[in-house]
Amino acid sequence: MIFDKKLNKLCKNLLVSVAVLIGLGTQVFAQDSINVGVLRFTSHSAAFIAYEKGYFKEAGLTAKLVPFQAAAPMAIAIASGDIDYGVTAISGALVNLAEKGAIRIIGGALTEEKGVDGQKILVSNKAYASGVRKASDLKGRSFGLTQTGSSFHYMASQIAKKEGFSSKEISLKPLQKVGVIIGALKSGQIDAWSIVPHIAKALHKSGGAKIIGNVADYIDGYQITTIFTSKNNATNKRALTKNFLAAYSKGIKEFNDVMIDKKRGASAIESTTRLIHKYVYTSRPYKKAAGSIQAGSMRLQPDGRLNLTSVKHQLDWFKAEKLVPASASIKNLVDTSYVKTY
Amino acid sequence: MGKKKYDYKPVPFRGSGFQFKNNYWISPVVFIIFLILWHVGTTIGFISNLVLPKPAEVLIAFHDLYVTGDLYLHVGASLKRLILGWTLGTFFGIILGFSIGLFSLVRAGLAPIVAAIFPVPKIALLPLFIIWFGIGELSKVNIILFGTLFPTIIAVYGAIDNVDRSLIRMGQSFNLSWFSITRKIVFPASLPAILSNFRITAAIAIILIVAAELIAAEKGIGAYVQMAGSLFAIDRLLAGIIILSCLGLIANWLIGFAEKKLLKWRNL
Amino acid sequence: MELVLKKVSKTYGDLLVLNEINLNINEGQIVCIVGPSGCGKSTLLRLIGGLESPDTGSIEARGTPPPGCLNPLTYIFQDFSLLPWRTVEENISLVLEDHSLSAINRNEIIESVLQRTKLTEFSDRWPRELSGGMKQRVGIARALAVNPSVLLMDEPLSALDSQTSEILLNDLIELWKKQNFTSVYITHNLSEAIRIGHKVVVMSRRPGEIREIVNIDTDIADRKIRNIELEEHLWNLLKDEAIAAERELENG
């Protein structure tokens, strides 16, 4: 399939080149076209804003947003060349694909900061009733994940580590989908989970589960999601990649200003929320969705800065858990030449 | 025009082809050529490392599984679910199949329900199974149980429908009891079809173990394959798939053995 | 034991298969029933043995079965009806297992019938290993094992080649000479009927009725292989209907 698509693309490119040659002179200014992979989450708002407000066009890019159901297929689509740029959590799949020379991280997006409302640790009512009141009580309990090697897995082990017990002493339950995890947590089939604040708060408020801590207390400056692209784009199409990052950063800045720092007033919040609602919680009416969108807004890294320390820490954890080869290196994973790192 | 000359020719043989000869050496040779092509292709980069790992990498993944002892944990966990689910599914399938095959009242009541549920992909029922049976072993075993139950029911009562009526007549003409006819005529007559159905349900069980272990399985070959897939660790993915197919081969061999023992009246 | 049929009729749906059959089957006699296909002779045999019930009329058994009789009315089938998953011995054992016999008793019976049908050395063979003739011997042995009063034979030799059926026919005749069993013997082979029957019942078709009953007085032991004159007589009775039957379409 990958071959076919590549071949298809090659043919298309050839045809386009021929067409351009024939029509030489008629076309003076050509925009570069890119595909941007997105998930329908508030944390992907920078892409929605950059697209809707025309920031990609300003940067000379004809962008197309391609929605995905999960992070892993998006990473594979970038590896296969179907998608040019994407934003997703650092996962085992991402590292393995980077090791194979398919993709590179070029910037940061969602991040945890102390003092800013971040991801929460939740426990089921049943577990709470049986005495799980703080993270140190999670020893010997079950913890919900989407998949082995996902960010949830990383959070669970970091919590365990800081509380002084091995991650082997938590029973990890890969349940594939966030919806399934929520169901399992509500019915008490799993004891604990960690998740973004607006979902956590909603569960806490509705009495479905109890918040017992903050992830930020266990992981310093957690770089949750990163901006990434194919190795080819990162090394051979530097101008294109810079233009993309510039447009994306503009989206980030607007998102942070309006939704996090609330610098531009209530009407700007409302119009931006409406813009985001075109992509997120589309099945709910605006009135219902607006609260979730606003509550779910977490700071994105200004200018796509990257917390390289956090990325390194995550990479080391993946290696220690034998989820990626021990030879995996940060050089293969991150191209540090695009954004500021720290 | 001289004397007519006759051509004497042997009658050409036209009966070749369309029959299978035993070429035992072909399949290993094909397999070795396949391995060589795979190795060369991945080594010189003709086959991208995104598409296929090197054969050696798959071997290393196996080795890792073996030395860490994970192989036994994964295979053990899956085997437990497979054997329990398949055995129970087959057991209830045979009982229900016999009931439908022998009692018209049961047939009228159950056969339509069985026919309605049979084609439902059991994977689609996964969320329901979690609600009914939780995320523990019960839902995993039950997926395999349900997956093997329905094909077994249908195969068994189909087999009973196909039992030679004249043999049953014969039994009746000698005043054999209903129980004797069922046990000594109907059951052995349907046994070949039931056993060949075992091959199909064993394959179904192995297909379903991967789906069953989607949910909250820390150990198991299905969980291992899932994990490898979500990590995009294709060397481990292939190692897991090879283990699954070995399980299938072993099951097939065991059923072949059972057929040889139980149906020795059939083969020469 | 003797059997008496009075005005026996049978219909399948709209089709009258048998119409008012009256027939006596006397103790120690072999009654052969011949007729074109579709005349209902097999149906008649199933009625006599109680595998089907008549719509009207009655079928009565008079007299008591001999001592040690386990199954008074016993069939021998055209297709042998052996269980392929049981050996020769086990196939015979099948019909004894439902009766309360000691194992020794059972083995004695099996040994005895195997001997009478010349099967002793094949006792542990699978049916698939046997020739057609041997299979029918097993069928006969199985029938003899229950020591029947009446043997109901449904074209027992018609699945066999002509030499084999000749051999088996002779064996049956030998058997009758020793045991004088009562029997209803269905066949489409006229010379067979003339060889073994005390009575030959000729049936006509649509509806199945008795056309003529021919008594043959010559002792079975003294009969020649062919009796052309009698065969011709029977054939003349049957010929037209046999031709009609042959030209008929399935389910016509």
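The values are calculated or read from the model by the stated rules, or taken from the named source; none is laboratory data. The structure presented is a predicted model; accordingly, all values stated were derived computationally and were not measured. Note that each Cβ is placed from the backbone with ideal geometry, even for glycine, and that neighbours are counted across all protein chains shown. Please note that ligands, DNA and RNA were not included when accessible areas were found on the heavy atoms of the full protein model with its side chains. Shrake-Rupley method; radii C 1.70, N 1.55, O 1.52, S 1.80 Å.
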Original post:
Restricting attention to region B:44-63, which residues are open to solvent by 80 Å² or more (accessible area, probe 1.4 Å) and assigned to a helix (DSSP H, G or I)?
Top reply: B:L59, B:I60, B:H63
Original post:
Is it the case that region C:184-200 has a residue that's more than 18 Å from the chain's Cα centre (by Cα), of a type in the set (D, E, K, R) and surrounded by 17 or more Cβ atoms within 10 Å (Cβ to Cβ)?
Top reply: no
**OP:** Could you please find all residues in region C:95-117 being assigned to a loop (DSSP other than H, G, I, E, B), touching a residue at least 12 places away in the same chain (Cβ under 8 Å) and either open to solvent by less than 30 Å² (accessible area, probe 1.4 Å) or facing chain B (nearest Cβ under 7 Å) (or both)?
**Re:** C:V95, C:L96, C:T117
Original post:
When residues of region A:98-112 are filtered for being more than 14 Å from chain B (Cβ to nearest Cβ) and out of contact with any Asp or Glu (no Cβ under 6 Å at 6 or more places or on another chain), how many remain?
Top reply: 7
Original post:
Of the numbered conditions (1) in contact with a Lys or Arg (Cβ under 7 Å, 6 or more places away or on another chain); (2) closer than 19 Å to A:G118 by Cα, A:Y279 satisfies every one except a single condition; which is it?
Top reply: (2)
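Which residue, of A:I182, A:I211, is within 13 Å of chain B (Cβ to nearest Cβ) and β-branched (V, I, T)?
Just one listed residue meets the conditions, A:I182.
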Original post:
Is it the case that region C:213-225 has a residue that's among the basic types (K, R) and either in contact with a strand residue (DSSP E or B) (Cβ under 7 Å, 6 or more places away or on another chain) or assigned to a helix (DSSP H, G or I) (or both)?
Top reply: no
**OP:** Answer yes or no: is there a residue in region A:94-107 that is modelled with pLDDT of 90 or more and surrounded by fewer than 19 Cβ atoms within 10 Å (Cβ to Cβ).
**Re:** no
Original post:
Among the listed residues A:L333, A:L306, which satisfies the condition of being open to solvent by less than 70 Å² (accessible area, probe 1.4 Å), more than 14 Å from chain B (Cβ to nearest Cβ) and hydrophobic (A, V, I, L, M, F, W, C)?
Top reply: A:L306
Original post:
Hey, any hits in region B:225-236 for a residue that's touching a Ser or Thr at 6+ places or on another chain (Cβ under 8 Å) and farther than 30 Å from A:A328 by Cβ?
Top reply: no
Original post:
Name the residues in region A:152-192 that are touching a Ser or Thr at 6+ places or on another chain (Cβ under 8 Å), outside any loop (DSSP other than H, G, I, E, B) and either modelled with pLDDT under 85 or aliphatic (A, V, I, L, M) (or both), would you?
Top reply: A:M155, A:A156, A:I159, A:A160, A:S167, A:L172, A:V178, A:I181, A:L185, A:A192
**OP:** Given the conditions (1) crowded, with 20+ Cβ neighbours inside 10 Å; (2) more than 14 Å from chain A (Cβ to nearest Cβ); (3) among the hydrophobic types (A, V, I, L, M, F, W, C), report the number of the one that B:L254 does not fulfil.
**Re:** (1)
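This table checks each residue for (1) hydroxyl-bearing (S, T, Y); (2) open to solvent by 20 Å² or more (accessible area, probe 1.4 Å); (3) within 14 Å of chain C (Cβ to nearest Cβ).
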residue	(1), (2), (3)
B:R107	no, yes, no
B:F150	no, no, no
B:V163	no, no, yes
B:G171	no, no, yes
**OP:** Output the number of residues of region B:194-225 satisfying the condition of being surrounded by fewer than 19 Cβ atoms within 10 Å (Cβ to Cβ) and of a type in the set (G, A, S).
**Re:** 2
Subject >> Residue that is nearest to the other protein chains (Cβ to nearest Cβ) [pool: residues in region A:35-63 that are surrounded by fewer than 20 Cβ atoms within 10 Å (Cβ to Cβ) and more than 18 Å from the chain's Cα centre (by Cα)] >> reply: A:T62
Subject >> Condition check for B:A228: within 21 Å of the chain's Cα centre (by Cα) and buried (at least 19 other Cβ atoms within 10 Å of the Cβ) >> reply: no
**OP:** Search region A:158-175 for residues being among the charged types (D, E, K, R) and under 18 Å from A:H313 (Cβ atoms), and hand back the single one that is nearest to the other protein chains (Cβ to nearest Cβ).
**Re:** A:K161
Subject >> Only listed residue being closer than 20 Å to C:Y185 by Cβ, touching a residue at least 60 places away in the same chain (Cβ under 8 Å), surrounded by 16 or more Cβ atoms within 10 Å (Cβ to Cβ) and within 14 Å of chain B (Cβ to nearest Cβ), chosen from C:A159, C:A141 >> reply: C:A159
Original post:
Pick from region C:144-156 the residues that are in contact (Cβ under 8 Å) with a residue 40 or more places away in the chain and not in a loop (DSSP other than H, G, I, E, B): which of them is surrounded by the fewest Cβ atoms within 10 Å (Cβ to Cβ)?
Top reply: C:D154
Subject >> Output for region A:169-180, where each listed residue is open to solvent by 60 Å² or more (accessible area, probe 1.4 Å) and more than 19 Å from A:A127 (Cβ to Cβ) >> reply: A:K177
Subject >> C:N180 being within 14 Å of chain B (Cβ to nearest Cβ) and on the phi > 0 side of the Ramachandran plot >> reply: no
Original post:
Since B:P28 meets every condition but one in (1) surrounded by 10 or more Cβ atoms within 10 Å (Cβ to Cβ); (2) under 29 Å from B:I204 (Cα atoms), which condition does it not meet?
Top reply: (1)
Original post:
Are there any pairs, at least 6 apart or on different chains, whose C-beta atoms fall under 7 Å, with the first in region A:299-327 and without any contact (Cβ under 8 Å) to a residue 12 or more places away in the chain and the second open to solvent by less than 30 Å² (accessible area, probe 1.4 Å) and of a type in the set (D, E), and if so, which?
Top reply: none
Subject >> Given (1) exposed (fewer than 14 other Cβ atoms within 10 Å of the Cβ); (2) within 19 Å of A:P197 (Cβ to Cβ); (3) among the polar types (S, T, N, Q), index of the condition A:N256 fails >> reply: (1)
